[in-house]
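The structure appears below as structure tokens.
The values are calculated or read from the model by the stated rules, or taken from the named source; none is laboratory data. Source: prediction; values computed, not measured. We place every Cβ from the backbone using ideal geometry, glycine too, and count neighbours over all the protein chains shown.
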Amino acid sequence: MKANFAILIDGGFIRVKLRQRNKHFPTVDEIKAEIDRIKANPVLADHQLLRVYYYDAPPASGILTNPVDSSIVDLTANRNFADNIGLQQRLELQPDFALRSGETSVHGWALGDAALRSIVEKGPRVLEARDFVPNIEQKGVDLRIGLDIARLSLRRLAEIIVVVTGDSDMVPAFKFARREGVRVYLDHMGHAVKRELKAHVDLVL
């Protein structure tokens, strides 16, 4: 009987990489194509897929009042909300697929990157409504990836764990899995990553 391997995908990371490559919001088929590419790698030929784990936080929701002009912003009416909810719901229905959801919190408003650059380059000015963007925080995604790596390793559910990410915060979880005798493979999709991330895996795909 073939030993198992698992694929763990940092949803925020793969969405950014596919959007950069394809110039549009990722589709389920595009994400499945990346999964098929990994599954077809010769280093996994003697193993069978246990499951694909996809980690992401739900898009922010709620109604905010702009601090400058008191205009109302409904975050659920944003195209980004519909795209992300739709993608997560469709992925959740795929065979051998598990969606692991983090948390999203909205902390009012923050000065946007464009406004900050403008002020740095041109000096102080009166702030406008368009200078502010919703201050959104995603939490728990890295934690859930780390917990699943620990669970898969301790219970010997998978001999190989393939992680699709570019986040060096995963290094402690990688070290733990390797100490438990599990092989950890990294797929960073061509993203520039820190040497430390590559140093603590068994193979970079």
### Summary
Of the candidates 178, 183, 144, the one satisfying the condition of being touching a His at 6+ places or on another chain (Cβ under 8 Å), of a type in the set (D, E, K, R) and crowded, with 16+ Cβ neighbours inside 10 Å is 178
## Note on the structure
Turns out the strands (runs of 3 or more DSSP E) fully within region 79-165 with at least 1 residues that are among the β-branched types (Val, Ile, Thr) and either modelled with pLDDT of 95 or more or farther than 30 Å from residue 2 by Cβ (or both) are 103-111, 132-139, 160-164
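With the structure loaded, tell me whether residue 36 is in a helix (DSSP H, G or I), more than 25 Å from residue 185 (Cα to Cα) and charged (D, E, K, R) or whether it fails that test.
No.
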### Task
Test residue 41 against the stated conditions and say whether it is surrounded by 11 or more Cβ atoms within 10 Å (Cβ to Cβ) and within 20 Å of residue 139 (Cβ to Cβ).
no
## Note on the structure
From the option list 5, 25, single residue qualifying as aromatic (Phe, Trp, Tyr) and in a loop (DSSP other than H, G, I, E, B) is 25
### Which listed residue is touching a residue at least 12 places away in the same chain (Cβ under 8 Å), among the basic types (Lys, Arg) and out of contact with any helix residue (DSSP H, G or I) (no Cβ under 6 Å at 6 or more places or on another chain), from 100, 79, 51
51
#### Entry: All positions within region 149-180 that are more than 27 Å from residue 21 (Cα to Cα) and either β-branched (Val, Ile, Thr) or touching a Ser or Thr at 6+ places or on another chain (Cβ under 8 Å) (or both)
149, 160, 176, 177, 180
## Note on the structure
Going through region 39-68 in order, the residues found to be in a loop (DSSP other than H, G, I, E, B) and at negative phi are 40, 41, 45, 46, 57, 58, 59, 60, 61, 66, 67, 68
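Yes/no per residue for (1) closer than 21 Å to residue 166 by Cβ; (2) touching a strand residue (DSSP E or B) at 6+ places or on another chain (Cβ under 8 Å); (3) buried (at least 16 other Cβ atoms within 10 Å of the Cβ):
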residue: 2; (1), (2), (3): no, yes, no
residue: 17; (1), (2), (3): yes, no, yes
residue: 20; (1), (2), (3): yes, no, no
residue: 51; (1), (2), (3): no, yes, yes
residue: 58; (1), (2), (3): no, yes, no
residue: 64; (1), (2), (3): no, yes, yes
residue: 69; (1), (2), (3): no, no, no
residue: 88; (1), (2), (3): yes, yes, yes
### Summary
Residue pairs qualifying under the 7 Å Cβ cut-off, at least six apart or on distinct chains, with the first in region 133-155 being farther than 11 Å from residue 177 by Cα and the second being among the charged types (D, E, K, R) and loosely packed, with under 15 Cβ neighbours inside 10 Å, are 139/103; 140/103; 142/169
## Note on the structure
Note on residue 158: of the conditions (1) over 30 Å from residue 203 (Cα atoms); (2) over 17 Å from the mean Cα position of the chain (by Cα); (3) surrounded by 12 or more Cβ atoms within 10 Å (Cβ to Cβ); (4) not β-branched (Val, Ile, Thr), unmet is (1)
